[in-house]
Structure formats: structure tokens, C-alpha cells
Amino acid sequence: MKPPGNPFVLNTYHGKKYFCDREDDLDKLQSHIDNDRNVVLYAWRRLGKSALIQRFFEELEDTGKYEALYVDFLATHTIEDAVKTITSGIYDKYGKTKTGFSAAMQKLLSMMGATISFDPYSGAPELSLGLRQPGTEEHSLNALGDFLRERKKKIVITIDEFQQVAHYEQDNAEAIFRAWTQQFPDIRFIFSGSHRTMMVEMFADKSRPFYQSAQLMSLLPIPLEKYIPFIKGHFKAKGKSITSEQIEMIYTWARGQTYTIQLVCNYLYSQYTQIKDEHIQKIYQDILEQQQGIFANFSKMLTRTQWNVFKAIAKEEPLYNPLSKDFIQKHRLGAASTVNTALKSLQKSELVVVDDEAYLVHEVLLARWMARL
């Protein structure tokens, strides 16, 4: 992989050099996998969950004992979508050879009723994941599991945004996936998700199929004391400077959220050599102005009461008692019962979350934008 032009990467994992800390989390994941435990990795959005998984997979495969597979369920809506996503991931990792498709992949696709087509321009073979027989998803999942089980090395699969399964059209989707994981006990699964409440409910509710089937692992913000040398080091390597106090300022404004810290530092690194406080404030303003068109739509998506409560929470962050008389009167929100109804709706959609008993707007940049209104 080519080195990034800016060390504060925003889009994906670019290697250990550009990845800050998470050593304890890596050790926990390794311990779970080495001791045959499936894992539920959940976190608030944009805390670097996917990058952690890629970093872990890099170390895992370096041991020579494991092969790692990553699939993302975010865009899936049915079990068939999920099967296609898993098949595509397996094809990308194992299906391509110098001469075409591997024999094992051809056998797998035949068992699943999938087809191979060819690009009309290049003539290169392409995988068509339109399954011929609807309703055969369980059979296809078992075929995929058999393929992976026959690999010489141990297999670890991460299914990102796994909470999507709870929204599938099929009522028994969770049960089907639970049965699949039970049928292949030698394959390790990491179920990852950014909807914390839903992920916990899926694995901690005794009435759900995945109840206590995996170890819960919550991803927390990277500590400030780890970020300071990481950020300073990248600035110094390019003859630039930023102080510990300025990094703490950014960390607090970003609420410790990995993506937002990286975003601010990315802009500062690209524009300035010796960082001043006013530079940081300008970058804040520039970033929020860029999001103006997107954030302004929230007032149209919510009811008037929901929007007013939403905005008030952003202005008061952190808020510990949203139903208090002082809070309601200060922001002219009306009756406590109305505020409570709006609050429950905002929490259900995870626009508002509760962290250490404090009510927060989930998306940090949106919170900072609304606080200025």
C-alpha cells in the first residue's frame, strides 16, 4: 500500500504507522480468538472500529496461523443480500488465480447455483451473485461455511454492521445466522456494529437467538495521553509543530471521536507549519460550514418539538437531566411529557445517546454545528 499524502488518514486503514494505540483492544481481541471465543465489538460511530479490525487482521495473519475475512452488512436488507455479500468477500480473497477462478471456488459457486459471466469489454471473468433458486439461503450459507472450514488455516470472519440482520425482511433471520455459527464451531466470528443499543440487545436479551453466544467488547475513545505523542510525532516528522494543550483542545472539541480528531488534524497538517489557536478555530468553522447543507436537513426530517429538543441537547452538552424544569424552561420546550416523547424518538434512532449518564447528540460535528445556532 502506498503511503498516504497526509498521515491523518480519514478513509481506511493505511498501516500501523498511521494507527494510534488500541494496544489493549488488540490484546483482548487476540485473547478471545486464541481461546475460541466469538466476539461482539460495538462502539459509537466513527471511533475507528473498522480500522481496528483491519489492524487486528494484519497482526492475525502475520502469525501464519489464521486467515481473516471481512464483510460489511450495512447495505444488506435480506438474507439473500447477506449471502451475496459473504460470497463476494470469499471470492475476492480466494477465488482469483492467474488463470481465472480457482477449482474450489468453481465448486462452491456450482453448489450455490451462482453463475460466472464475462466482462464484455475486457473478457475477464466476473462473478454474478444472483442465486438461481430463491429460498435456498440456508443451504448457501452452509456451502460457504464448508468452503471456509476446509481451509488449512483457522478462519476468522468479521461481519461489520451486524445489527442490520435485525431489520431483515425475514422474521427468522437472526435464528438462521445463529444456527449457521453453531454449525461451524471451528470458525471464529467477530460481530461488529455501530448501533450500540441494538448490538447489546441482540446478544444480551435472553429471548433473542444470539443470547450469550459471544463476548461483549465495547470500544472506547483512545485516551488523550496516547494521542498527544501520536499527533506530535507526525507533525514533527514534517518539520511542523503543535502543542499538547492544542491537542487537548481538539480532543475535547471532538469528544474523543477518532474520525473528528483525524479530520481536524488532517486540515491543520495540510495548511499550517506552526499551529496557533486561531488556526484551530478556523478549521472548526471551515469543517462545519462544509457540512451546512447536510445538517440543515435535520430540521426538515424531525418534528418541530424533536428538532427543538435535539438542538437544546447540543447546546447544553453534556446534559444530565433533560426533563428538569430549568432545562425545559430555558429552551422553551413546552410540557415535560412532550419533551419525553421527543427524547425517546431521538434515542430510538440513536440521534441522541446516553453515555456515562449524559445525554449527547451522537454525531459530534452535528452537535457542534447545532450548538452555534
(message) Which numbered condition in (1) at pLDDT 95 or above; (2) surrounded by 14 or more Cβ atoms within 10 Å (Cβ to Cβ); (3) within 27 Å of the chain's Cα centre (by Cα) is the only one that ASN308 fails?
(response) (3)
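If you go through the stretch 53-68 one residue at a time, how many are assigned to a helix (DSSP H, G or I) and of a type outside the set (Phe, Trp, Tyr)?
Initial filter on the stretch 53-68 (assigned to a helix (DSSP H, G or I)): 53-62.
Filter once more, keeping what is of a type outside the set (Phe, Trp, Tyr): 53-55, 58-62.
The qualifying residues number 8.
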(request) Could you list, in sequence order, all residues of the stretch 160-175 that are open to solvent by less than 50 Å² (accessible area, probe 1.4 Å), outside any strand (DSSP E or B) and not small (Gly, Ala, Ser)? (result) GLU161, PHE162, GLN163, GLN164, VAL165, TYR168, GLU174
(message) Just to be sure I understand, how many residues within the stretch 11-52 are part of a loop (DSSP other than H, G, I, E, B) and among the aliphatic types (A, V, I, L, M)?
(response) 2
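For the stretch 318-356, name all the residues that are under 19 Å from THR252 (Cβ atoms) and either open to solvent by 50 Å² or more (accessible area, probe 1.4 Å) or in a helix (DSSP H, G or I) (or both). Even if it seems obvious, please write down each step before you answer.
Residues of the stretch 318-356 under 19 Å from THR252 (Cβ atoms): 318-320, 353, 355-356.
PRO318, TYR320, ASP355, ASP356 - these are the residues of the stretch 318-356 that are under 19 Å from THR252 (Cβ atoms) and either open to solvent by 50 Å² or more (accessible area, probe 1.4 Å) or in a helix (DSSP H, G or I) (or both).
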(message) For the stretch 179-206: of the residues being assigned to a helix (DSSP H, G or I) and among the small types (Gly, Ala, Ser), which is nearest to LEU29 (Cα to Cα)?
(response) ALA204
(request) State which residue is surrounded by the most Cβ atoms within 10 Å (Cβ to Cβ) when the search covers only the stretch 22-41 and only residues that are touching a Leu at 6+ places or on another chain (Cβ under 7 Å), more than 14 Å from TYR70 (Cα to Cα) and not β-branched (Val, Ile, Thr). (result) ASP25
(request) Inspect the stretch 285-302 for any residue being within 20 Å of SER349 (Cα to Cα), open to solvent by 40 Å² or more (accessible area, probe 1.4 Å) and touching a Phe, Trp or Tyr at 6+ places or on another chain (Cβ under 8 Å) and give the result as yes or no. (result) yes
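Filtering the stretch 210-241 down to residues that are among the aliphatic types (A, V, I, L, M) and part of a helix (DSSP H, G or I), which residue is least open to solvent (accessible area, probe 1.4 Å)? First the steps, then the outcome.
Let us first name the residues in the stretch 210-241 that are among the aliphatic types (A, V, I, L, M), namely 214, 216-217, 219-220, 222, 224, 228, 231, 237.
Filter once more, keeping what is part of a helix (DSSP H, G or I): 224, 228, 231, 237.
Numbers: LEU224: 37, ILE228: 38, ILE231: 2, ALA237: 90 Å².
Taking the candidates together, the pick is ILE231.
Within the stretch 49-66, take every residue that is open to solvent by less than 50 Å² (accessible area, probe 1.4 Å) and more than 21 Å from the chain's Cα centre (by Cα) and give me the one that is farthest from THR115 (Cα to Cα).
In the first step, residues of the stretch 49-66 are kept if they are open to solvent by less than 50 Å² (accessible area, probe 1.4 Å); the result is 49-53, 55-57, 60, 64, 66.
With more than 21 Å from the chain's Cα centre (by Cα) added as a condition, the list becomes 64, 66.
Numbers: GLY64: 32, TYR66: 29 Å.
Top of the filtered list is GLY64.
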(message) Regarding the stretch 240-251, can at least one residue be identified that is modelled with pLDDT of 95 or more and touching a Pro at 6+ places or on another chain (Cβ under 7 Å)?
(response) no
(message) Every residue in the stretch 276-313 that is without any contact (Cβ under 8 Å) to a residue 24 or more places away in the chain, under 30 Å from LYS240 (Cβ atoms) and not β-branched (Val, Ile, Thr), please.
(response) LYS276, GLU278, HIS279, GLN281, LYS282, GLN285, ASP286, GLU289, GLN290
(message) For the condition closer than 19 Å to GLY145 by Cβ, in contact with a Pro (Cβ under 8 Å, 6 or more places away or on another chain) and open to solvent by 10 Å² or more (accessible area, probe 1.4 Å), what is the one hit in ARG188, ARG178?
(response) ARG178
(request) Considering (1) aliphatic (A, V, I, L, M); (2) in contact (Cβ under 8 Å) with a residue 24 or more places away in the chain; (3) surrounded by fewer than 15 Cβ atoms within 10 Å (Cβ to Cβ), say which one ALA75 fails and leave the rest. (result) (2)
(message) Any residue at all in the stretch 89-104 that's within 26 Å of ALA179 (Cβ to Cβ), open to solvent by 40 Å² or more (accessible area, probe 1.4 Å), under 29 Å from the mean Cα position of the chain (by Cα) and at pLDDT 70 or above?
(response) yes
(message) List pairs: first residue in the stretch 196-215 and on the phi < 0 side of the Ramachandran plot, second residue surrounded by 13 or more Cβ atoms within 10 Å (Cβ to Cβ) and of a type in the set (S, T, N, Q) anywhere in the structure, Cβ distance under 6 angstrom, at least six positions apart or on different chains.
(response) MET198/GLN163; MET199/GLN163; ALA214/ASN38
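The values are calculated or read from the model by the stated rules, or taken from the named source; none is laboratory data. What you are looking at is a predicted structure, and each value in this text was computed from that prediction instead of being measured. Cβ sites come from the backbone with ideal geometry, for glycine too, and all protein chains shown count toward neighbours. When the accessible area is computed, the model is the full protein with side chains, heavy atoms only, and any ligands, DNA or RNA have been set aside. Shrake-Rupley method; radii C 1.70, N 1.55, O 1.52, S 1.80 Å.
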